[in-house]
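Laboratory data are not the source of any read-out in this text; all were calculated from the coordinates shown. These numbers were taken from a predicted model, which means no experiment stands behind them. Every residue, glycine among them, receives a Cβ derived from its backbone with ideal geometry; neighbour counts consider all protein chains shown.
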Amino acid sequence: MDAAMNLYDQFEPRNDCYFFRIGAQGQICCHGRNYTIKKRMTAEQAEALTRDPLFVRISSDCYVNVAKVTYVTDNAVYFGDGPALNHMLPVPKRKQHLIRQGISQLQGLRMSV
């Protein structure tokens, strides 16, 4: 139980979450490697998270962390490491372009550093 509480307390969506959904009344539902964490955020925190260049909006309430995308197929994005890809998210083809664009921008930033 302590490990779960520690994960929740130290959770940072920008670094730990594959994708998140925005719920009612400031609740953010973050999906990570082996967990789903629901957190309440202020309007300012939620807005900062949705404006973060690492997150690409794929639907009205869902944002994908392009830094965590392993690869993109014809109808989905995959997250995780190795042969056991542990998360798959269906993504419309027209939104996949935005994800690929975000990935290439991120790789460009990493190359220039």
Between Thr70 and residues 5 or more places away or on another chain, the pairs with built amide H atoms under 5 Å apart involve Tyr78, Phe79, Gly80
Taking Lys and Arg as +1 and Asp and Glu as -1, residues besides Lys93 with C-beta under 12 Å from its C-beta add up to +2
The lysines whose Cα lies under 20 Å from the Cα of Lys38, excluding any fewer than 8 residues away in the same chain, are Lys68
Taking 0.36 nm per residue of separation between Lys95 and Glu47 and subtracting their Cα-Cα distance, the length gained on full extension comes to 15.2 nm
Long-range amide H partners of Val91, meaning residues 5 or more apart or on another chain whose placed amide H is closer than 5 Å, are Ala76, Val77
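Ala76 to Glu12: extension gain in nm, 0.36 nm per residue of separation minus the Cα-Cα distance? All intermediate terms of the calculation are to be shown ahead of the outcome.
Working: separation 64, 0.36 × 64 = 23.04 nm, distance 2.45 nm.
That pair, Ala76 and Glu12, stretches by 20.6 nm at full extension.
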